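Below is one structure, written out as structure tokens; the observations come after it.
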Amino acid sequence: MRTATGGAANPYTRHRATSYGAIVGVLTAAVAMGVGQLVSGLTVRQGAPWAVVGEAAINLAPPPVKNFAISAFGSNDKNVLVAGILVVLAIFAAVVGVLALRRLAYGYLGLVIFAAVGVAAAISLPKANAGWAAPTVIGALVAAFFLKKLTELALAASPTSPASPPAPSDSEDTPGTEDTSAPPVSAGASAWTRSGAGPAADRTDDLSTPGDGPPLEPWTYRSPSRPDRRRFLVASGLAVGTTAVTALAGRELNARQSVTAARATVHIPKATDPAPPLPAGVNLNIPNLSPFVTSNSSFYRVDTAIVLPQVDPASWQLHIHGMVDREITISFAELLRRPLLEHYVTLTCVSDPVEGPYIGNAKWLGASLADLIRSARPQAGASQLLCTSVDGFTSGTPIEVVLDGREALLAVAMNGTALPVEHGFPARMVVPGLYGYVSATKWVTDIKVTTYQAEIAYWAQRGWSAQAPIKTESRIDVPLAGGTVKSGRTAVAGVAWAQHKGIAAVEVRVDGGSWQRATLAAVPGIDTWRQWVWYWDATPGNHTLEARATDNTGYTQTATQAPPEPNGASGYPATQVTVKS
């Protein structure tokens, strides 16, 4: 008689058990995420587990990581972050599911870790409260129920050995000798069992230690019944259905909090002081050259919001307080009744690398920020406007810059329409001459007049400069980097910027040769970027084109290479091109 003694657990069996466990873990995590999404729709829109973990990751990311994400993925950086979080969660969940099949307590421990991370992320966010943790906690509790049921059914449905009896071992009985160490298998039996264990060994709480006996090694064959597998498939389908229903319901509830419809009904008054018509020649009309005005849909977006704040203009208010003699609270309707100014301003993100895309020019409409601050009567010694978004993000704007006469706006419109939600609807800051992280707070609801010593804004806490005037820079748009052009007269063109100083000149050189003066396009003022072009008699071969700008103060863009942190990138933009005859 052949016995199943000797040898380690069969790899096929372990693979099948691991597969069942991974399915259990992933389905459990999916249920937790779906239920969390539903609860977030009923409570706080930003509280979904993936959202709070994503925003916490942004908050904790050091500047080099943030710069890498922005340079590598651009405006899709948040989508990539969320996708990465989901992938990591799926891997973690699969491991937890496998461990749960060995001992259910391990699975519960994994859920506790999941909930702890989500809760810690939620309560770490600015303006968060205990309610922000509810989606994660409730999602984990519901997932615990599914984990228990799915684990039980998976253990019943998963085999403990391959579908054929194990091969004879080297210690197989010699012919004519009967081994009496194992109980006989009755006729018609459809399963192999561990010697001495019997059918009672098939427990559902611990795959590795059936019954009270030793671990299930050596393994023997037990064929799961079709009803066991069917019950597991039904339960898995129920988990998938629960995930789909709760996630879609949560999405619908979140959509109802959207302010898209409210934005469509907002009537933006005409400017009291409209921007003059653009002068002839602001656009050089060269293919692939950035247009003077960046469309709303093409305007760069860099912020910390995983879920876009939805601020109802009917309930929006701006509170100005701190070192003032008169606190002010203004509603959106009151804001629209103030004199509205229109001005072209180019905004730049401090994370923009040399030759980067995180810059755009638009026509903004809004109330004078300087007039609002002066009406609060700021006190002597105040140096900073700590501006806070509805989601808790803060920026620190130098008060002297706002009050120095430039067109600093509390903007309500962009390129002739109400602000898009992703660009700060219903109101945002626009202060020319400063990088966006200290001048362009979206969804702004609070301005505290204070000092830099008393308050430290969001990015300053993370090592960026507290005050960040924009550096004089330029960019080559044409020819395209790495492209090929024909020999002969070739346009080399791009944009240059030095907000609130203005561009006086742009120069171009080829292969490190002498600098050649470019032709500048017209501009309506000193707060926008400026197009430029230089015509090159291109000769066959591989060439390097470089550019540099000089502003109206006489300062010329430096060749010194510097990364974006802590106060903006620098260096000559360079483009490699191949010229063919």
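Details
- Over the chain, relative contact order from alpha-carbon pairs under 8 Å, at least 6 apart, %: 13
- Subtracting the Cα-Cα distance of ASN542 and ASN288 from 0.36 nm times their residue separation leaves 89.4 nm of extension gain.
- Annotation: amide H-H contacts under 5 Å for LEU419 (H modelled 1.01 Å from N, sequence separation of 5 or more, or interchain): ALA413, MET414.
- Averaging 1/r across all pairs of distinct Cα atoms in the chain and inverting the result yields a Kirkwood radius of 28.3 Å.
- Sorting 342-355, 118-131, 522-535 by their mean Cβ neighbour count within 10 Å, with the most densely packed peptide first, gives 342-355, 522-535, 118-131.
- Relative contact order computed over the stretch 423-552 (Cα-Cα under 8 Å; 6+ residues apart), in percent: 24
- Annotation: the residues THR560, THR544, sorted from fewest to most other C-beta atoms within 10 Å of their own C-beta, follow the order THR560, THR544.
- For VAL324, the residues whose modelled amide H falls within less than 5 Å of its own, excluding neighbours fewer than 5 places apart on the same chain, are GLN379.
- Eigen-decomposition of the gyration tensor built on the alpha-carbon atoms of the stretch 317-462 gives equivalent ellipsoid semi-axes of 22, 19, 13 angstrom, largest listed first.
- Candidate membrane-span-like segments in the chain, meaning DSSP H helices with Cα atoms spread over at least 27 Å of their own axis and a Kyte-Doolittle mean of -1.0 or above, are 11-42, 77-102, 104-124, 134-157, 226-256, with no membrane implied.
- All Cα-Cα separations within the stretch 315-374 were binned at 10 Å from zero, giving a P(r) of 18, 34, 30, 16, 2, each value a whole percent of the pairs.
- What the Cα convex hull of the stretch 448-524 gives, in volume per residue, is 188 Å³.
- Going from the residue with the fewest nearby Cβ atoms within 10 Å to the one with the most, VAL53, VAL65 rank VAL65, VAL53.
- Convex hull volume per residue for the stretch 411-478, taking Cα atoms only, in Å³: 140
- Charge dipole (Cα centre; +1 on Lys/Arg Cβ, -1 on Asp/Glu Cβ; no other charges) of the chain amounts to roughly 900 debye.
- When you restrict to C-alpha pairs under 8 Å that are six or more residues apart and normalise by the size of the stretch 307-430, the relative contact order lands at 26 percent.
- Within the chain, antiparallel bridges make up roughly 90 percent of the DSSP beta bridges whose residues both belong there.
- With N the number of residues in the stretch 473-580, Rg(Cα) / (2.2 N^0.38 Å) evaluates to 1.07.
- By the helix-only formula, in which each DSSP H run with n ≥ 4 contributes -39500 (n - 2.57) and the sum is divided by residues, the chain has a 222 nm mean residue ellipticity of -10500 deg cm²/dmol.
- Residues MET33, MET414, MET323, sorted so that the one with the fewest Cβ neighbours within 10 Å comes first: MET323, MET414, MET33
Values in this text are rule-based calculations from the coordinates and carry no lab data. It should be emphasised that the depicted structure is a prediction, and the values quoted were computed from it without experimental measurement. For neighbour counting, all protein chains shown are included, and Cβ atoms are generated from backbone atoms with ideal geometry for every residue, glycine included.
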